[in-house]
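The values are calculated or read from the model by the stated rules, or taken from the named source; none is laboratory data. As the structure is a computational prediction, the values presented were derived from the model and not from experiment. Cβ coordinates were reconstructed from backbone atoms using ideal geometry, including for glycine residues, and neighbour counts include every protein chain displayed. Only protein heavy atoms, including side chains, enter the accessible area calculation; ligands, DNA and RNA are left aside. Shrake-Rupley method; radii C 1.70, N 1.55, O 1.52, S 1.80 Å.
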Amino acid sequence: MQPVGHHLAQLNVARLVAAKDDARVADFMNNLDRINGLGKRMPGFVWLLEGESGPDMGATELVVDINDPLMMPNLSVWETVDALQTFVFDTLHKQFMNRKAEWFEVLEKMYLVMWWVPIGHKPSLPEAVAKLDYLNTNGDSDQAFGWSYLNKPDVSVMTGMSS
């Protein structure tokens, strides 16, 4: 249940199989602006963390882990779960997501986290990474969750808040 006055924030991280300028990840890197641009035009899109690479390149030059420059973040805010879900699973984005094994290593920990943010809040990368760390340490909760948590019929997200 989405709390009134809140939007959905999401962070996903991925570790490239090679440097950003390597031919093995070129198809991914060359399509970032296309996919991010599509997301930004979707109904329900609110905000995307962007670096200095270009208007639709996301935050590809931002480093999630100072010791691992191959880790790439994607941090965005959406009006609703349905809006994010539509973009992820019902657009061209899905075709690229289905190819992730070509470009990214399999991570041992959760790589996606979602949480509710007050309308107008743009989470920082450190805030988002802290949410991912929380999820990896504690599992799904009202504070940080994944897709499966949202699909549980008995979950009352943000207990005590109006919905």
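Restricting attention to the range 1-31, report how many residues are part of a strand (DSSP E or B) and aromatic (Phe, Trp, Tyr). If you could, list the steps in order and put the result at the bottom.
Step one: list which residues in the range 1-31 are part of a strand (DSSP E or B), which gives 6-16.
Now restrict to residues that are aromatic (Phe, Trp, Tyr): none.
Count: 0.
Enumerate the helices (runs of 4 or more DSSP H) found wholly within the range 84-144, keeping only those where 3 or more residues are under 18 Å from Gly39 (Cβ atoms) and among the aliphatic types (A, V, I, L, M). Steps first, answer last, please.
Numbers: elements: 92-97, 100-103, 125-138.
Result: empty, no element qualifies.
Among what's in the range 86-132 and is open to solvent by less than 60 Å² (accessible area, probe 1.4 Å) and aromatic (Phe, Trp, Tyr), pick the residue that is nearest to Arg41 (Cα to Cα).
That would be Phe87.
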